[in-house]
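K.L.:
Input: one structure, supplied below.
The values are calculated or read from the model by the stated rules, or taken from the named source; none is laboratory data. Computed from a predicted model, the values in this text were never measured in an experiment. As a convention, Cβ positions derive from the backbone with ideal geometry for all residues, glycine included, and neighbour counts pool all protein chains shown. All accessible areas refer to the heavy atoms of the entire protein, side chains included, with ligands and DNA or RNA removed. Shrake-Rupley method; radii C 1.70, N 1.55, O 1.52, S 1.80 Å.
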Amino acid sequence: MAPSAAATIRAVSESFLLRDTRAAYDSVASLYAELFRDVLEILPLERALLAAFAELVRAHDAGPVADIGCGPGHVTAHLHALGPVTFGIDLSPEMVALARQEHPDLRFDEGSMTALDLDTGSLGGILAFFSTIHLPPRELPAVFAEFGRVLAPGGHLLLGFLAGDDPQPQAADHKVALAYRWPPDRLAELLRQAGFAEIGRMLREPHEDERFRHGYLLMHKPQES
């Protein structure tokens, strides 16, 4: 197959993936918001990670935080209350509408992490809590490069993901849309290739109503020399 034909097929498949993921989350937006509105109250480890992330962002003071894949905005609002100016971006119009309704004092935009409508180096932090899990593995390098583009030197990234034990990412039966479980070392290596440096990581076993281990990577973009 000619390279141009292969690129066209890939672009079409990506557009269908975004469309299907958007439609899936639009269809469950109200239920999702109801189920997860207060979830951080029972997640002390996640609250501690968010507090550490907020402290690092505040100390560097390089710009606002974008919660990419913010859903109905509950984590966006929690992080904003910790000090950093935080706004949300989500692919789903229904999720954005709910977030604006629930948190009218905060900014929420429709957008895709594959092509962020943000200036280069304009962010002091990026929060991506389980928002990259639906991307096919081949798409993550480009998304991580986009994260690196919009993040200011010295800025920080907190990434949440579904953790797996296999050496390569494996498909997971997510309740909303197809997702992938990643070995932490492999995901950290992709971020290093995109120019990030690791600060720390955490793995948490699933709670009673969860099926997969949760992983978190705290990264930063090194200062330019």
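K.L.:
Would you please name the trypsin sites (Lys or Arg not before Pro) within segment 134-225 that are DSSP coil residues with at most 14 other C-beta atoms within 10 Å of their C-beta?
P.N.:
Passing sites in segment 134-225 are Lys175, Arg211.
K.L.:
Using only DSSP helix segments of four residues or longer, with each worth -39500 (n - 2.57), what per-residue ellipticity at 222 nm results for the chain after dividing by its residue count and rounding to 500? Don't jump to the answer; show the numbers that get you there.
P.N.:
Working: 6 runs with 90 residues, N = 225.
Computed mean residue ellipticity for the chain: -13000 deg cm²/dmol.
K.L.:
Further question: Give me the dipole magnitude in Debye, nearest 20, for the chain about the Cα centre, with unit charges on the beta carbon: positive for Lys and Arg, negative for Asp and Glu.
P.N.:
440 debye
K.L.:
Select from the chain the helices, each a whole stretch of DSSP H, whose alpha-carbon atoms run 18 Å or more along the helix axis and whose Kyte-Doolittle mean is at least -0.5; answer none if there are none.
P.N.:
What comes out of the filter, once short or polar helices are dropped, is 3-36, 44-60.
K.L.:
Moving to a separate point now. Over segment 102-146, what percent of the accessible surface lies on carbon and sulfur atoms, probe 1.4 Å? Please report the intermediate quantities before stating the final value.
P.N.:
Working: 940 of 1930 Å².
Carbon and sulfur atoms account for 49 percent of the accessible area of segment 102-146.
K.L.:
At most 12 other Cβ atoms within 10 Å plus a DSSP loop assignment makes a site exposed; report the longest stretch of the chain without any exposed GluC sites (Glu not before Pro). Please list the in-between numbers first.
P.N.:
Details: sites that count: Glu208, Glu210, Glu224.
With GluC sites (Glu not before Pro) excluded where exposed in loops, the chain gives 1-207 as its longest stretch.
K.L.:
Also, quick follow-up: Which of Val75, Val39, Val150 moves most in a GNM of the chain, Cα contacts under 10 Å?
P.N.:
Of Val75, Val39, Val150, the most mobile in the Gaussian network model is Val39.
K.L.:
Could you point to the label whose value was computed as semi-axes √(5λ) of the Cα gyration tensor in Å for the structure here, given [x] 39, 16, 15; [y] 24, 22, 19; [z] 28, 21, 18?
P.N.:
Given [x] 39, 16, 15; [y] 24, 22, 19; [z] 28, 21, 18, the structure-derived one carries the label [y].
K.L.:
Going by Cα centres, segment 116-141 and segment 36-85 are how many Å apart?
P.N.:
16 Å
K.L.:
If you roll a 1.4 Å probe over the heavy atoms of the protein chains, what accessible area per residue do you get for the chain, in Å²?
P.N.:
Counting only protein heavy atoms, the per-residue value for the chain is 49 Å².
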